[in-house]
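Comments concern the structure below.
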Amino acid sequence: MKRFVAGALGVLAVVVSASFASAKVATRSFDYKEGDTILGGFIAYDDAKKGKRPAVLMFAQYTGFSEHERTNAVALAKLGYVVMVADVYGKGINPPAPKAAAEEMGKYTKNRPLLRARAKAGLERLLSERNVDPARIAAVGYCFGGAGALELGRQGADVKAIVSLHGTLWNPTPADAANIKSKVLILHGADDPAVAPAEVDAFKAEMKDANIDLTFVAYSQTRHSFSIATAGNDNTKNSAYNERSAKRAFAAMSDFLQETVGR
């Protein structure tokens with residue numbers, strides 16, 4: 001397995017248009033299950049908006065749910081989406097970086113059927129929300145969460161968009177890309193040492209062979225975890241926050257979601 005160094009906990013600074021300043025975002029945490037495992041979810045949506053609307057299933061970085069995902073979920077909710085942060089590890093499991101988090105993540109990168117089962121359970125839970133339009137679902141993932149979003153697609157889930165931000169791209173079963181039904185957007189740091197050029201090339205070949213509508217954006221002078229504000233800004237490290245690239249990535253994701261699932 002390729003070495004994957006995920007990002008630090010933190011808050012992504014995003015700029016949301018003033019036209020959404022009046023959005024009344026409701027948030028709540030809840031439990032759900034995959035098999036016998038209890039998982040802990042988080043959801044955010046504009047409580048003032050009525051009727052069914054497009055939704056985003058979000059997958060967290062390798063330390064699990066954090067303020068980073070909460071902040072991004074709320075930002076997307078202000079744009080009109082129902083956003084659920086899925087739990088892959090299990091309720092209350094938030095391993096510290098780097099060693100414990102890498103070990104926990106490895107349980108799932110080495111066991112893709114289990115990762116897929118957790119991703120599918122998250123989708124099923126999101127679809128149970130009464131304000132979600134099941135025909136307009138997107139999956140978004142950060143770092144390790146990028147693998148979660150992609151594995152949802154690789155098992156044939158009925159989603160319209162997949163977005164990976166500084167995510168792991170290695171896949172032991174590239175032929176499964178033929179099951180992807182959505183458009184795919186990859187937002188990548190051109191200087192990301194956690195995702196080797198050979199891994200990028202293999203991923204692009206995987207998408208091409210499966211005839212996937214892929215948009216791949218590589219931000220120059222940008223390291224791993226570039227959207228995570230507490231990753232520091234030292235570009236000699238594996239992970240580093242890049243405000244310019246973070247803002248560009250959020251804008252690119254927003255435009256892509258508008259194109260694929262609307263608002």
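The values are calculated or read from the model by the stated rules, or taken from the named source; none is laboratory data. Keep in mind it's a predicted model, so treat the numbers as computed, not measured. Heads up, the Cβs are rebuilt from the backbone with ideal geometry, glycines too, and the neighbour counts pull from every protein chain shown.
In the range 23-79, what residues are at pLDDT below 95 and either in contact with an Asp or Glu (Cβ under 6 Å, 6 or more places away or on another chain) or of a type in the set (Val, Ile, Thr) (or both)?
23, 24
Within the range 198-213, is even one residue basic (Lys, Arg), buried (at least 17 other Cβ atoms within 10 Å of the Cβ) and either closer than 23 Å to residue 32 by Cβ or modelled with pLDDT of 95 or more (or both)?
Among the residues of the range 198-213, not one is basic (Lys, Arg), buried (at least 17 other Cβ atoms within 10 Å of the Cβ) and either closer than 23 Å to residue 32 by Cβ or modelled with pLDDT of 95 or more (or both), which makes the answer no.
Identify, please: which residue in the range 220-260 is aromatic (Phe, Trp, Tyr) and part of a loop (DSSP other than H, G, I, E, B) and is, among those, surrounded by the fewest Cβ atoms within 10 Å (Cβ to Cβ)?
Applying the filter and picking the extreme gives 241.
Restricting the range 19-74 to residues that are polar (S, T, N, Q) and under 21 Å from residue 141 (Cβ atoms), which is surrounded by the fewest Cβ atoms within 10 Å (Cβ to Cβ)?
Of everything passing the filter in the range 19-74, 29 is surrounded by the fewest Cβ atoms within 10 Å (Cβ to Cβ).
How about the range 137-156: which of its residues are free of Cβ contacts under 8 Å to residues at least 40 places away in the same chain, in contact with a helix residue (DSSP H, G or I) (Cβ under 6 Å, 6 or more places away or on another chain) and small (Gly, Ala, Ser)?
Within the range 137-156, just 156 meets the criteria.
Among the residues of the range 109-136, write down those that are touching a residue at least 24 places away in the same chain (Cβ under 8 Å) and more than 20 Å from residue 158 (Cβ to Cβ).
Those that are touching a residue at least 24 places away in the same chain (Cβ under 8 Å) and more than 20 Å from residue 158 (Cβ to Cβ): 109, 110.
Just checking, how many residues over the range 27-59 are among the acidic types (Asp, Glu), farther than 15 Å from residue 75 by Cα and assigned to a loop (DSSP other than H, G, I, E, B)?
Number of matching residues: 1.
What pairs come out if I take residues in the range 240-257 that are more than 15 Å from residue 75 (Cβ to Cβ) and free of Cβ contacts under 8 Å to residues at least 24 places away in the same chain and pair them with residues that are among the hydrophobic types (A, V, I, L, M, F, W, C) and assigned to a helix (DSSP H, G or I) whose C-beta lies under 8 Å away, six or more apart or interchain?
Pairs that qualify, where the first residue is more than 15 Å from residue 75 (Cβ to Cβ) and free of Cβ contacts under 8 Å to residues at least 24 places away in the same chain and the partner is among the hydrophobic types (A, V, I, L, M, F, W, C) and assigned to a helix (DSSP H, G or I), are 240/231.
For the range 89-186, which fully contained helices (runs of 4 or more DSSP H) count at least 1 residues that are within 18 Å of residue 76 (Cβ to Cβ) and within 13 Å of the chain's Cα centre (by Cα)?
Ranges flagged: 112-127, 144-154.
Out of 228, 186, report the one residue that is of a type in the set (Val, Ile, Thr), within 24 Å of residue 161 (Cα to Cα) and in contact with a Cys (Cβ under 9 Å, 6 or more places away or on another chain).
That would be 228, the only listed residue that is of a type in the set (Val, Ile, Thr), within 24 Å of residue 161 (Cα to Cα) and in contact with a Cys (Cβ under 9 Å, 6 or more places away or on another chain).
Scanning the range 187-219 for residues that are under 17 Å from the mean Cα position of the chain (by Cα) and touching a residue at least 60 places away in the same chain (Cβ under 8 Å), which turns out nearest to residue 142 (Cα to Cα)?
Result: 187.
Report whether or not residue 83 is in contact with a helix residue (DSSP H, G or I) (Cβ under 6 Å, 6 or more places away or on another chain) and either closer than 13 Å to residue 144 by Cβ or of a type in the set (D, E, K, R) (or both).
For residue 83, the condition - in contact with a helix residue (DSSP H, G or I) (Cβ under 6 Å, 6 or more places away or on another chain) and either closer than 13 Å to residue 144 by Cβ or of a type in the set (D, E, K, R) (or both) - is not met.
With (1) closer than 17 Å to residue 173 by Cβ; (2) modelled with pLDDT under 95; (3) not aromatic (Phe, Trp, Tyr) as the list, and residue 114 as the residue in question, which single condition is left unmet?
Only one criterion is unmet by residue 114, namely (2).
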